[in-house]
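What follows draws every value from the coordinates through simple rules; no lab data is involved. Since the structure is predicted, the reported quantities are computational estimates derived from the model, not experimental observations. For neighbour counting, all protein chains shown are included, and Cβ atoms are generated from backbone atoms with ideal geometry for every residue, glycine included.
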Amino acid sequence: MSDFFSLKFEYDYFVYINQTKLPLEEVYIKTDEYERIAVAIERLEVRGAPAIGITAAYGITVAMKNISDDYETQFYKAYERLKRTRPTAVNLFWALDVMKKVFESVDNYDGIYEKLKTSAIEIHNEDIKSCEAMGVNGVELFAKDSVILTHCNTGQLATGGSGTAFSVIKKGFETGKVKFVYSDETRPLLQGSRLTAFELSKSNIPFEMLPDSAAAFLMKQRKIDAVITGADRIAKNGDTANKIGTYNLAILCNFYKIPFYIAAPISTIDFSINSGEEIDIEMRGSEEMSYIRGVQVTKEEYSAYTPAFDVTPNELISAIITDKQVHKPPYNF
Ligand code: MRU
């Protein structure tokens, strides 16, 4: 059992750990304001595709707390605000649409807050189950004593439960299939060296951090049995958007003949798009390169190219692990 939690809904407040402070400080924030929740998503205080979806569901719930008239104006205002927070992780739109269907299905708005709360909790509970299922399904792909490389953060912090790729790694460790993990640093916001390292350490899984730029040399020098990452959006043909740098790893795996796996819940599959070409890739500000935790490291006037995600083409993905099953190519969701 971990001694921290990523997010929860307690006594009608949304409570979450501020991920921008980790691992040096464990600071929790409690709010019942949807605007504060929207800002938390934008600032990556809460991040990771499934966690963003769950957070948005709780966000729209608190927007309807203590409302006694003009329900529709308030609901759609919060819905549109939360929808604008981040463009790539489809779980955000999926969760908001589940909540919209609940809102639009009622004949009158008596008790609407309680109904929305129940649905948000259901989304959260479903994610906990999906995480467990991904762990069980994915671990079958690993041989005994595997050495795994992962990118970004896909654990408890990024989901409502035990994680996506992280859940597979954890299950692997518990069953003797994973003996060591390399955690990519994940520039520029360091989700790997700050958050995955924190979670690996809390789970007592042996690991080392890896500068992103060292992956090719590592693969050449030492045996890496598999690379596994999460996803922010998967197209019907299996093309997968995930944290910038994932595509580099998939190309390296192809070169070195190392299996490259994706783990994601069904809610990360966007059944409305045929290929990765249609995925909206979020661009972040150049200050994320010029400052690290508020410390300036280069000149502000230098501009930067800063996509938050890239798209790995399906032909580079050895398997996609969902909560339902392990999918092998060719993908046809
Ligand atoms: O920008 P972030 O930190 O929200 O990006 C997160 C990722 O890219 C994760 O790998 C992805 O959401 C899968 S996680 C469960």
Name the shape class, rounded, prolate or oblate, that the alpha-carbon gyration tensor gives for region 195-316, where a ≥ b ≥ c are the square roots of its eigenvalues, rounded holds for a/c under 1.5, and otherwise prolate holds if a/b is larger than b/c and oblate otherwise. oblate
Kindly rank 201-209, 266-274 from highest to lowest mean number of other beta carbons found within 10 Å of each residue. 266-274, 201-209
Tally the DSSP beta bridges in the chain and give the antiparallel ones as a percent, rounded to 5. 50
Count the DSSP beta bridges whose two residues both fall in region 136-327, then state the antiparallel fraction as a percent rounded to the nearest 5. 35
Which order do the peptides 133-146, 300-313, 156-169, 98-111 take when ranked by the mean count of other beta-carbon atoms within 10 Å per residue, highest first? 156-169, 133-146, 300-313, 98-111
Taking a ≥ b ≥ c as the square roots of the Cα gyration tensor eigenvalues, with a/c under 1.5 meaning rounded and otherwise prolate when a/b beats b/c or oblate if not, region 7-131 comes out prolate
Whole Å is fine, so just give me how far the alpha carbon centre of region 11-88 lies from that of region 282-306. 25
Gap in Å between the Cα centre of region 147-200 and the Cα centre of region 232-280? 17
Subtracting the Cα-Cα distance of A216 and K202 from 0.36 nm times their residue separation yields 2.3 nm
Just list whichever of K177/K220; K223/K243; K223/K257; K257/K328 have alpha carbons separated by over 18 Å in the model shown. K177/K220; K223/K243
Gain in span if fully extended, F4 to E72, counting 0.36 nm per residue against the direct Cα distance: 20.8 nm
From the phi angles alone, apply the Karplus equation (6.51, -1.76, 1.60; θ = phi - 60°) to region 184-197 and give each ³J(HN,Hα) in whole Hz, x where the residue is Gly or Pro. 4, 4, 6, 5, x, 9, 6, 4, x, 6, 8, 9, 5, 4
For region 235-333, give the share of DSSP beta bridges that are antiparallel, in percent and rounded to the nearest 5; count only bridges with both residues there. 75
If you average over every viewing direction, what projected area does the convex hull of the Cα atoms of the chain give, in nm²? 16.9
How do S290, S213, S68, S130 rank when sorted from fewest to most other Cβ atoms within 10 Å of their own Cβ? S68, S213, S290, S130
Ordering of 10-22, 171-183 by burial proxy (mean other Cβ atoms within 10 Å per residue, highest first): 171-183, 10-22
Hey, what did region 168-303 get for relative contact order, percent, Cα under 8 Å, at least 6 apart? 20
